[in-house]
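Each remark here refers to the structure printed beneath this line.
Each value in this text was obtained by applying a stated rule to the coordinates, not by laboratory testing. No experiment lies behind these values; they were computed from the predicted model shown. In this analysis, Cβ positions are derived from the backbone assuming ideal geometry, glycine residues included, and neighbour counts consider all displayed protein chains.
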Amino acid sequence: MITVLIVDDQALVRDGFRMILDEQHDITVVGEAADGQQAIEQAQMLEPDIIVMDIRMPTMNGLDAIRHLMARRGARWRILVLTTFDLDEYVYDAMKAGASGFLLKDVPRRQLIEAVRTVAEGDALLAPAITCRLVERFVQSPPPTTGIPDQLHHLTERELDVLRLVARGLSNAEIADRLTLGQNTIKTHLGHVLDKLAARDRTQAVVAAYETGLVQPGQG
Amino acid sequence: MSLVGRLGAALRRVDHVWVDWLPVAGLLALSQVDPNLAASDAEVPPLAGGLFAVATTLPLGWRRHHPGSVIIAITAAVVVWALLVGPLITFSSFLAVMVAMFAVGVHGDRREVVTGITAAALAVTVVALTDDQPASAFEWVFPTIYFGGAMLLGRAMRRREQRTQMLARLNAELARERDRNAELAAAQERTRIAREMHDVIAHGVGVIVVQAEAAEEVLTTRPDRARGALREIQTVGRQTLTELRHLLGVLRHDSTGPPADVQPTLAELDRLADRMAATGLRVELRTEGRPRPLPAPLELTAYRLVQEALTNTHKHAQATVARVVVRYHADQLEVEVTDDGGGTSVRPSTRGRGLIGMHERVHACAGSLEAGGTEAGFVVRAVLPTAGAPS
């Protein structure tokens with residue numbers, strides 16, 4: 001059972017998402033919060049698997065709450081950011097702060113449900129194309145360097161290939177296709193990449209790829 | 001305008017070719033009847049006298065563009081004449097030097113001014129020294145006054161001209177600046193309106209989408225929850241529409257309007273006029289053409305326009321009466337607000353914030369708006385096309 005905490009300043013939005021998620025047999029909404037402060041309190045109390053959080057809220061906004069929540073030691077929860085605007089700079093900051101992905105608030109409920117399940121598994125990136133567009137837009141990347149950035153020196157050639165394609169927004173299946181390898185091989189490589197980068201998930205790997213300058217915005 | 005200014009303006013209007021060559025012709029003609037030559041030594045052959053006249057007057061034709069060269073040419077002729085013939089300087093050549101010095105003042109740069117002074121001084125000196133009689137002070141003083149005066153006069157006119165041009169440039173720049181500011185303010189206003197509308201829509205419609213998704217999800221398993229969600233959608237939908245109307249209807253805080261959630265129409269203009277009268281401004285309201293109900297947004301815009309114009313009149317003009325005319329044409333509505341506050345009344349730029357909002361709104365209705373001051377007072381006039389069918 002995947003436990004979910006819903007955070008949004010609009011009661012009707014919380015109510016709607018609750019209805020949708022509770023209806024699923026493998027998902028339970030264990031709590032709600034109306035601002036960042038409440039989110040932290042509820043999270044600490046309920047220890048949910050997933051926190052679905054609006055990024056713009058009064059009182060402590062989502063960004064600060066995310067930073068707070070992800071800074072907690074041994075935190076197992078993953079954060080799914082809700083936003084009205086997909087090219088929102090806040091969203092990018094949220095991802096850098098440790099959010100696992102983001103959704104538009106008017107997302108079809110199928111996607112919301114899949115997103116919760118996917119993030120709970122810690123597996124594939126959500127809406128890779130959109131995420132990469134976001135990263136491309138807001139990343140403060142260093143100037144292009146020749147060769148491999150220092151921070152990535154300990155990655156193997158293959159791992160760098162995989163990382164580059166992940167940053168381009170390709171799914172595991174697509175990467176497997178591109179590199180003519182099996183999907184499981186790709187998954188293994190990706191796992192190593194995440195370990196070596198100390199990245200929590202695929203999203204963080206994408207951020208790292210841009211921020212180190214391995215991948216430049218606009219090359220996609 | 002002073003005499004100098006009027007003179008300058010008059011000269012500017014005359015075609016340049018005439019200005020250039022008329023003095024030449026005139027002085028040449030004068031030289032023919034010059035008493036000096038007639039009374040001079042009989043040794044002076046008429047040809048030499050004629051050449052001298054030409055040499056001193058012809059160069060004047062180029063004095064606008066080459067004042068330095070011209071003064072040199074003329075004074076050179078004078079010097080040559082003084083050295084070869086005698087110090088009797090004809091009146092026309094004297095005038096020629098005056099004109100040339102004036103030209104140096106008006107058209108010459110620093111270098112040419114120095115050249116002119118030097119050349120004139122040289123000529124004066126030579127003429128004075130070639131005189132048989134010992135030079136008297138007058139032979140120096142008077143020429144200095146005449147020639148120096150001519151140049152100074154020219155210089156003064158030049159300065160005046162430059163100042164006028166600079167003022168014109170500044171004026172144009174200021175007008176451009178004001179237009180830029182107005183555009184900026186308009187853009188900012190549009191952005192603000194857009195942002196508010198976006199917020200209102202995103203806020204409300206986002207909720208509607210979530211609730212609709214939820215309703216469909218639990219439609220069969222929890223129909224009562226689904227029904228609840230549908231009711232919420234109705235409520236939020238209406239709220240959003242109200243907020244949008246509110247936003248489009250009341251863009252600024254105005255205290256002279258009716259309660260915010262009642263949208264005024266042209267029928268309320270009477271009450272508006274009464275309210276303004278209570279503040280001390282008499283309002284004459286007139287309707288022309290056949291009144292008919294028009295689409296609510298159009299009437300609202302027209303109402304707001306009148307309201308804004310009257311508020312401005314009240315705030316800024318020393319007006320005693322304002323006239324509002326509403327004309328119903330076959331395919332458009334015309335609204336005109338005038339006051340008798342006098343065109344020179346202290347008025348912020350015709351594109352002050354209130355009127356900018358008005359421009360935006362009128363444009364949103366595909367209409368046009370003119371606002372400006374006349375001798376009699378301020379006029380605001382808008383034409384709004386009507387779609388044909390009443391609302």
- Task: Specify, per residue and in Å³, the volume enclosed by the convex hull of the alpha carbon atoms belonging to chain B.
- Result: 228 Å³
- For the range A:161-220 and the range A:7-38, what is the separation of their Cα centres, given in Å? 32 Å
- Message: Looking at chain B as a GNM with Cα springs under 10 Å, which of B:292, B:245, B:159 has the largest mean-square fluctuation?
- Response: B:292
- Pick out, from B:79, B:164, B:65, the residue whose Cα sits farthest towards the positive end of the charge dipole of the range B:23-180, with +1 on the Cβ of Lys and Arg and -1 on the Cβ of Asp and Glu. B:164
- Item | Selected from B:223, B:291, B:87 as most flexible by GNM, with chain B as the system and alpha-carbon contacts under 10 Å | B:223
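As an exercise, take the mean of 1/r over every pair of distinct alpha carbons in chain A, invert it, and state the Kirkwood radius in angstroms. Before the final figure, lay out the partial values.
Numbers: mean 1/r = 0.0564 Å⁻¹.
17.7 Å is the Kirkwood radius here.
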- Task: Starting from the Cα-Cα distance between residue B:192 and residue B:376, subtract it from 0.36 nm times their residue separation and give me the gain in nm to one decimal.
- Result: 62.7 nm
- Item | Long-range HN-HN contacts of residue A:103 with modeled amide H, under 5 Å | A:81, A:82, A:83
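What dipole magnitude, in Debye to the nearest 20, does chain B give about its Cα centre under +1 on Lys/Arg Cβ and -1 on Asp/Glu Cβ? Before the final figure, lay out the partial values.
Numbers: 41 positive and 41 negative charges, 163 e Å.
I would put it at about 780 debye.
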- Message: About the Cα centre, and with charges only on the beta carbon of Lys, Arg (+1) and Asp, Glu (-1), how big is the dipole of the range A:62-115? Nearest 20 debye, please.
- Response: 440 debye
- Row for the protein assembly as shown, column shape: gyration tensor on C-alpha, a ≥ b ≥ c, rounded if a/c < 1.5 i.e. under 1.5, prolate if a/b over b/c, else oblate; value oblate
- Query: Given the protein assembly as shown, what count of lysine pairs have C-alpha atoms under 29 Å apart, with each pair 8 or more places apart or on different chains?
  - Reply: 4
- Item | ³J(HN,Hα) computed for each position of the range B:115-128 - Karplus, 6.51 cos²θ - 1.76 cosθ + 1.60, integer Hz, glycine/proline x | 4, x, 4, 4, 4, 5, 4, 4, 4, 4, 4, 4, 4, 5
